[in-house]
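Read through the structure below, which is laid out as C-alpha cells, and then see the notes.
The values are calculated or read from the model by the stated rules, or taken from the named source; none is laboratory data. The structure displayed is predicted, hence computed values, not measured ones. FYI the Cβ positions are ideal-geometry reconstructions off the backbone, even for glycines, and counts take in every protein chain you see. Note: accessible area is taken over every heavy atom of the protein model, side chains too, but ligands, DNA and RNA are not part of it. Shrake-Rupley method; radii C 1.70, N 1.55, O 1.52, S 1.80 Å.
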Amino acid sequence: MTNTFLYQEIKKAFPHTEPAKIKSLEKLGIKTINDILYFFPKRYESASSAKLIEDLVSEESVTIYGTIEKLETGKSFKSKIPKAEGVVVDSTGKVKVTWLHQPYIAKIIKEGSLVKVHGKVTKKGSVSSMLNPEIEMVSSIPDNIGDNLFTVDYSTGESHRGDFSASEDRSGAIGGSSGAAGSMQSLMTPVYPETKGITSKWLYHKIQKIFSHPEFSSIEDPIPENIRTEYSLPNLHTSLIWIHTPKKDSDAQVARKRFAFEEIFLIQLKNEQTRASHTREQAFVIKKEGGDGGQKSVEEFTSRFPFPLTGSQHTSINDILDDFTKGYPMSRLLEGDVGSGKTAVAASTSYAVVSSKPKGQNFGTLQVAYMAPTEILARQHFESFIEYFKHIPISVGLITGNGCRKFPSKVNPSGWTDISRAQFSKWVKNGEIAIVIGTHALIQKSIEFKHLAYVIIDEQHRFGTAQRQKLTKKQTVMPHLLSMTATPIPRTLALTLYGDLDLSLLDEMPSGRKKPVTEIVLPGKRDEVYEKIRAELHAGRQAYVICPRIDEPDPDKAETMIMKSVKVEAARLQKDVFPNYRIDIMHSKMKPADKEKVMDRFSKHEIDILVSTSVVEVGVNVPNSSIIIIEGGERFGLAQLHQLRGRVIRGNHQPYCYVFTTDSSKPTDKTIDRLKALATAKNGFELSELDMAQRGTGDLYGNKQWGISDLAMDAIKNLKMVEAARKEAKSIIVSYPTESDLEKNYPLLHKRLVLKREVHME
Ligand code: ADP
Ligand code: MG
C-alpha cells in the first residue's frame, strides 16, 4: 500500500491528541486517518443561511440565533411527557422552543445565554415554534444573518438530485471547481454528528491538516476508474475535499453521491463474494424424484393441511424445493406479512428434508434446525410442528434456555415429554430427533447434529455464515438456509441488505381473514375511541397499546424514555380510562424471562391490556387480542405500523387498529394523508415503498444494526444506483471470485472490504 499515512492511527499521526479525545473518537468508530476522512458532515452551515425570526416560514428547517429566555421544565398537559421549554428572542421576534422527553436540556443551557438553534419551524398564525431543535450556546451572534449577498449560487445543484444516470451532466466530475487542498476558503462550514469532546471545529481543523499532508494529494481511489467514468463519479481526492469543505451545494451533493455509491458497491461486492463462496460449497441434494423419499410426497403432505395453500405459498415452496436440487447450499429469504403463513412453508419444505435418507444410507433421516428469537415463539412452533408431523414417524425436539422436550413421548405417543439436556443432545447427535426447534440455545448449547441439512431462522434479522458454520461444526456439508421475516422492506433495501440471498415473497394473505378497521384518530377524539374499545374489552377481547418511538439520537437514552412513557401511559390508562381492566407493561429493557412471563399471562388472558414498546414480540400469536392502539403514530413508518397491526389480524374476531397522533402537536394534512395509506394499501411491501419515497430509508429502518451509514441508507432510495452497484460488483466477482483473486487484481477494493469486515466483527 503506498498510502501508509492514511492507515496510520490518530494517536500516531497526531501525537498531541488528548487520550480523552482518542476515546471519544473511538466511540465514533474513528481510529485511523482514513476513518476521519470517511466521517462525513451531516450538513453545512453558513452564517448567511441563518434566518431572522421575522423571516421564518412554516415547515422549514433553519438555523436561528438569539437569546434563550423563560427556560423551564414541566410535563405536557395531557400525555404527562416530561419536557423543557423556552423562548428564543432576536431583534425581530421570538420563537417558542420545546423539547419533549429531554427535560435535561433546561439544565445544560443557561437562561439568558446566546444560542444557536437549528430545527423545523411550525407556524400557527403569528406564533412560531420549534419541537426538539438542536441547541448550542454561542459566544456571539454573527452580524450577517439573513444577508443574502454572500450566498453562493445553489441553482447548479439541481441536476444532481436523485437522478443517477450515466448521461447526467458532468459538472461534478474530476477537475471541476475544487481548489488546492488546504488553501480552500469555504463559505459552508461542515457540521458533524456530535459527541462529547469532539466538536465540528476540531474535526474541521484535523481534516485540513490531513488535506495538506503530502500523501493526500496522491491518495488512491478504490473505485476502479472505468466505473467512475461510467457513472460520472469524481475521484476520491476531489470527493473528500468536496464533502468536507464544499464551495457550493452541488459539490457536496456530487461527493455524497460518490461515497454512497462506494459504500453500496462494497456491500454488493461482499454479497457477491458470499454468494460465490456458497456455490463452491457442497450441500445435501434432495431430489425431486427418486427412491429415497425426498420431495415427491410434499404434495401429499400439504394436502392434509386444514386449508388450501395460497398461490404464493405454493411458489415459495417450489423455489425452495428447486434450490434443494442444486448441489450447493440454498441461501434464501422468505418475506411475508405477519399471518401470511410462513410456518406452513417451513413445515412443507422440512418434510422434504426429513423424508430423505442420508447419502448411501437406507436408514435415518436428514435433519432440520428451526430457530426462533424467543422462547414463546419456539414453543408455538414446536406445537404447530407437532400438528403438522404427528402422522409421520419422526421425532420433533424443542430446546430453550429452560429445558428440552421431545415429541412423541414414549408413554403418550400423541404428546410430548420433558427430557434432560444430555438425553436431548444425544438424540440429536445420533440423528434420532429429526427436527430440532429452539431459541438461540440451539447455537449456544453446543448441540451437534448428525446430518443437519436445513436451517430455518424465524424473525431474525440476520444470520450469518459464521453462525451457520457453528451449527454445522464437525460436519463437512453446509446446510441449506431459509431466513424468514415479516418486516416488509423495499426492494432496493432488500437487494442491498440481503443481496447475498435469493428472495421469495408471500404477498397474499390466506383467504377468509377479516380486514382490520383502521382509524387515524385526531386529537380530541380520544374519548370517543376509548368508548368503542371499552365495548370490545367488555365483549372479552384484549388490546395492545404501543407507545411511540422517540426521536433521540442516543439509542440508550431513547430506550429509557420509551420505557418511561410505557410506564406513564399504563398508569394513566389504569387510573383515568380503563380502571376496571387488568393492565400490564412490557418493554425491551425487561429481562427475557420477565417478558416471557408477561406474554404468557397475556396469552392466557390474565391481562386485558398490554402496554408495550414497538420492538418486542413481533411474531407472537394471541388470537383473542383484536385491538391495537398506537400512540404517536406519525413517528412510525407505515410499514412498521402495518406490522404492528398484524398482531391483531389472527382470524376470528374483527380486528381494530387505532392510530393516535401526538396530542401536543396538531398533525398536518400531509401526516394524515400519509397515515391514511394504512387503510388503503394492499400489503406491507406497498407501504414500505411509500415509506421510502416519503421519508427516506435510514430514518425508518435504522442503520446501526446493519452497519450502514446514513448517507448510503439515503441513497438506497435510488434504484438506479443500487442496480448499478450490484451490476459492477457482480461483474468483478464473476471474474475474480476468491479473496486472493480480488486481492491480486483490485488490491484497494480488497483492502476496503477487509477493513469493513474488521469493523463488523467487533
Ligand atoms: P406467519 O407468516 O406470521 O409466521 P403463520 O405461519 O403463523 O404466519 O400463520 C398464521 C396462521 O395462518 C396460522 O394459524 C396458520 O395455520 C394459518 N394459515 C397458514 N397458511 C394458511 C392458508 N393458506 N390458508 C388459511 N390459513 C393459513
Ligand atoms: Mg411466524
Return the residue satisfying two criteria in turn: it lies in the range 296-325 and is assigned to a helix (DSSP H, G or I) and touching an Asp or Glu at 6+ places or on another chain (Cβ under 8 Å), and of such residues it is farthest from ligand 2 (Cβ to nearest atom).
-> 296
For residue 663, work out the one condition from (1) touching a helix residue (DSSP H, G or I) at 6+ places or on another chain (Cβ under 6 Å); (2) modelled with pLDDT under 80; (3) surrounded by fewer than 18 Cβ atoms within 10 Å (Cβ to Cβ) it doesn't fulfil.
-> (1)
For the range 211-225, enumerate the residues that are assigned to a helix (DSSP H, G or I) and within 22 Å of residue 252 (Cβ to Cβ).
-> 211, 216, 217
Restricting the range 602-624 to residues that are more than 16 Å from ligand 2 (Cβ to nearest atom) and loosely packed, with under 15 Cβ neighbours inside 10 Å, the one modelled with the lowest pLDDT turns out to be 615
Only unsatisfied item for residue 306, checking (1) away from ligand 1 (no atom under 16 Å from the Cβ); (2) in the same structural domain as residue 360 (by TED's automatic domain parsing), is (1)
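Here are 554, 500: which of them is in contact with a strand residue (DSSP E or B) (Cβ under 8 Å, 6 or more places away or on another chain), of a type outside the set (A, V, I, L, M, F, W, C) and either modelled with pLDDT under 90 or open to solvent by less than 20 Å² (accessible area, probe 1.4 Å) (or both)?
Values: 554 fails: in contact with a strand residue (DSSP E or B) (Cβ under 8 Å, 6 or more places away or on another chain).
Only one candidate qualifies: 500.
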Might you check whether a residue that is touching a Gly at 6+ places or on another chain (Cβ under 9 Å), over 30 Å from residue 37 (Cβ atoms), of a type outside the set (Ser, Thr, Tyr) and open to solvent by less than 40 Å² (accessible area, probe 1.4 Å) occurs anywhere in the range 291-311?
-> yes
What number of residues within the range 88-109 satisfy the criterion of being among the β-branched types (Val, Ile, Thr), more than 34 Å from the chain's Cα centre (by Cα) and open to solvent by 30 Å² or more (accessible area, probe 1.4 Å)?
-> 2
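Could you list, in sequence order, all residues of the range 465-511 that are without any contact (Cβ under 8 Å) to a residue 60 or more places away in the chain and part of a loop (DSSP other than H, G, I, E, B)? Can you show your working first?
At the first step, the residues of the range 465-511 found to be without any contact (Cβ under 8 Å) to a residue 60 or more places away in the chain are 466-470, 472-475.
Passing the criteria: 473, 474, 475.
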Kindly list the number of the only condition in (1) surrounded by fewer than 18 Cβ atoms within 10 Å (Cβ to Cβ); (2) within 16 Å of ligand 2 (Cβ to nearest atom) that fails for residue 401.
-> (2)
Checked against (1) at pLDDT below 90; (2) buried (at least 19 other Cβ atoms within 10 Å of the Cβ), residue 58 satisfies every condition except (2)
Some residue of the range 38-51 being farther than 23 Å from residue 711 by Cα, of a type in the set (Phe, Trp, Tyr) and either at pLDDT below 90 or open to solvent by less than 20 Å² (accessible area, probe 1.4 Å) (or both) | no
Could you grab me the full set of residues in the range 370-392 that are open to solvent by less than 10 Å² (accessible area, probe 1.4 Å) and among the hydrophobic types (A, V, I, L, M, F, W, C)?
-> 371, 372, 377, 378, 382, 385, 389
Tell me, which residue of the range 250-283 that is more than 30 Å from residue 43 (Cα to Cα) and among the aliphatic types (A, V, I, L, M) is modelled with the lowest pLDDT?
-> 283
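Considering each residue of the range 635-685, count those that are part of a helix (DSSP H, G or I), charged (D, E, K, R) and touching a Lys or Arg at 6+ places or on another chain (Cβ under 8 Å), and give that number. Let's see the steps before the verdict.
Narrowing the range 635-685 to residues part of a helix (DSSP H, G or I): 635, 638-648, 669-680, 684-685.
Filter again for charged (D, E, K, R), leaving 635, 645, 647, 669-670, 673-674, 676.
Of the ones still in play, those that are also touching a Lys or Arg at 6+ places or on another chain (Cβ under 8 Å) are 635.
Final tally of qualifying residues: 1.
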Apart from one, (1) away from ligand 1 (no atom under 16 Å from the Cβ); (2) among the aromatic types (Phe, Trp, Tyr); (3) in a helix (DSSP H, G or I) all hold for residue 328; the odd one out is (3)
Just give me the residues in the range 339-358 being open to solvent by 10 Å² or more (accessible area, probe 1.4 Å) and within 16 Å of ligand 2 (Cβ to nearest atom), in sequence order.
-> 339, 341, 342, 343
